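None of the figures in this text is laboratory data; all of them are computed from the coordinates on show. Just so it is clear, the model here is predicted, and its values are computed rather than measured. Using ideal geometry, Cβ is built from the backbone for each residue, glycine included, and neighbour counts are taken over all protein chains shown.
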2 protein chains.
Amino acid sequence: MKIFVTGGAGFIGSNLVDALLNESHEVTVYDRLTTGRVEFLSAAAEHPRFRMIEADLLDADRLTAAVAGHDAVVHLAANADVRFGWSHPRRDVRQNVEATQNVLEAMRLNDVARLVFSSTGSVYGECPTIPTPEDAPFPRQTSLYGASKAAAEGLISAYAEATPISATRFRFVSILGPRYTHGHVIDFVARLLVDPTTLRVLGDGTQRKSYLHVSDCVAAIIARLPEDPGDEVINLGVDGYCEISESVGWIAKRMGVDPRIDYAGGDRGWVGDNPFIYLDASHMRTHGWQPKYTIQAAVEDTVDWLLANESVLEAAIIDD
Amino acid sequence: MKIFVTGGAGFIGSNLVDALLNESHEVTVYDRLTTGRVEFLSAAAEHPRFRMIEADLLDADRLTAAVAGHDAVVHLAANADVRFGWSHPRRDVRQNVEATQNVLEAMRLNDVARLVFSSTGSVYGECPTIPTPEDAPFPRQTSLYGASKAAAEGLISAYAEATPISATRFRFVSILGPRYTHGHVIDFVARLLVDPTTLRVLGDGTQRKSYLHVSDCVAAIIARLPEDPGDEVINLGVDGYCEISESVGWIAKRMGVDPRIDYAGGDRGWVGDNPFIYLDASHMRTHGWQPKYTIQAAVEDTVDWLLANESVLEAAIIDD
């Protein structure tokens, strides 16, 4: 297949691109390289079936021209900054809602029918049903990120209803693994490198989160890509969760440090932080998918990769 | 209270404005007068506590300046064209999502905390639970209109989570009554005036819809306006529904005509038309609200008003 990957230079995107090229697909990456990193595509770039377009999804004309001739679009590009959404409150709508409509219009105008979309467990807000199934009660949004991803999902469904577009909307837990560049694991690793004696952690350490390794995420995307589901929604996550305090312990041990942990207190890390995320991923299991990494193994693999990739860590320290 | 009404020159808006002025509130209408009509505010315009600003919600600077100093915002302005959404697929996102974020930002920047929003039963898509309660299963959107209103609701909830904004999100069935300017009743009345012998009706006539009279809608808005609910969602509708064929019968009888009805066929009027809308409005009843009009009485009152207001009907005929 000829596959168009938005955000293909990013964390999940570049892992997907490598896997697609390995499976003999042709791949076009469309990425504006702000959070995406060209070095994540250094292996892909050697490949004759690979093509890179450095451009913005908000440039609808450029995007529409670029999408022409592809069999499928995997739309991963997004503003994925849940925590700092309120520093620039219009960014989520622009980059997650308008950009997604640009992708949908580009597909509609070019008769490209297959779409895989990366949504998030954040669309459930603080769901009372845990583990949370895809048909959980009508959610109340608690973050601009969740609201904007839910909005993008709604647009996708409306297009799937009225056009030939056939969509899979994956709702991910947090993803870990090689090329991970932002989130609490990099934050902790970067700060423990600077000061291995003390680590300040937001909340009281009891927030419960679920994580998935990027290779398990990519395997699910590739499994559904050749299908024609009309409009399906699929949770992706492991069968369980950890407390932040556990995850901090795994990270410190893997780094060989033993910091004192200062908890900032409160039952959540920031406004809009969901203190308990655990998705029911039984739907995807009916398609034969099974995650290979436990949460602990995913955290440890991420720490190992970060320690071997100082440039990513340095960027995290500067950002902090 | 000093109340800011977006879309205040429209159908629901102008009815609300008259009621608010009667209750001694100060009212600012912000309306760009494209679907809104200045003549709907001819009585209000005589009032010393009334102020009109003719401007666009997409002009964020103008809006932000205008919102300053108000106690509450009732945000009614929207692109409410469900049926023709696909003729201009970006309009719903612009006018319902971006415009709503502009309202929210204007409120946040001016410390205006109270918001009442007009959402729609269309946000439920085709819900399997009927009558549909507010906590129906996570919906699958079927129209750009429903998707954009659901997106606006999500943004409102995210703002309510992180800012002092306290919101009531009303989900309306279709509203009828004086100053009604678009929808199937005006469509049928206008066409029966041109040709009283035959009426073509989309679908097979068995689509089941629920309607509410605008005075009952306005009463609900005014009842919740002084409250501080944090973030609440309330369905508004009567306790029942009618078939389109029944509604056609009431309209014809009220007009004194006896047309042959040609049904176009199919179980719905157009792509994204929900063939069965009936909302569970028991939540609003717990606040002592009770609709005064039956569906039939609301349809008949609308026909009477249309026949007495030829200019609105003429516009509908030209649009057709």
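Annotation: peptides B:196-203, A:96-103, ranked by per-residue average of other Cβ atoms within 10 Å with the highest first, follow the order A:96-103, B:196-203. Mind jotting down the distance between the C-alpha centroids of the stretch B:177-245 and the stretch A:248-300, whole Å? Rounded to whole Å, the Cα centres lie 48 Å apart. Over chain B, DSSP H runs of length four or greater, each weighted -39,500 (n - 2.57), average out per residue to a 222 nm ellipticity of -11000 deg cm²/dmol.
Within 10 Å of each Cβ in peptide B:130-137, how many partner chain Cβ atoms are there on average? Round it to a whole number, please. Don't skip to the answer; put the middle values down first.
Numbers: counts 0, 0, 1, 2, 3, 6, 3, 6.
Mean partner shielding for this stretch: 3.
Evaluated over the protein assembly as shown, the count of Lys pairs having alpha-carbon atoms less than 29 Å apart is 15 (only pairs 8 or more residues apart or interchain).
Have a look at the DSSP beta bridges in the protein assembly as shown and tell me what percent are antiparallel, nearest 5.
Antiparallel bridges: around 10 percent, rounded to the nearest 5.
Ranked by the mean number of other Cβ atoms within 10 Å of their residues, highest first, the peptides A:233-239, B:150-156, A:119-125, A:42-48 fall in the order B:150-156, A:119-125, A:233-239, A:42-48.
For chain B, give me the percentage of DSSP beta bridges that are antiparallel, rounded to the nearest 5 percent.
5
Working from label points 7 Å from Cα in the Cα-to-Cβ sense, the A:TRP270 to B:ALA55 distance is 3.2 nm. Specify which residue in the list A:VAL257, A:ALA160, A:GLN296 is farthest towards the positive end of the charge dipole of chain A, using unit charges on the beta carbon of Lys, Arg (+1) and Asp, Glu (-1), about the Cα centre. Positive-most Cα among the choices belongs to A:ALA160. Where does the charge balance sit around B:ALA160 when Lys and Arg score +1, Asp and Glu -1, over other residues with C-beta under 10 Å from its C-beta? In short, -1.
Nearest 20 debye, what's the magnitude of the dipole of the stretch B:1-148 about its Cα centre given +1 on Lys and Arg Cβ and -1 on Asp and Glu Cβ?
Numbers: 13 positive and 19 negative charges, 52 e Å.
Magnitude of the dipole: close to 260 debye.
Calculated FRET efficiency, B:THR129 to A:ASN309, Cβ-Cβ distance, R0 = 41 Å: about 0.25 to the nearest 0.05. Label-to-label distance for A:GLN296 and A:SER24 is 4.0 nm, based on points extended 7 Å past Cα in the beta-carbon direction.
Computed from point charges on the beta carbon alone (+1 for Lys and Arg, -1 for Asp and Glu), the dipole magnitude for the protein assembly as shown about its Cα centre is near 20 Debye.
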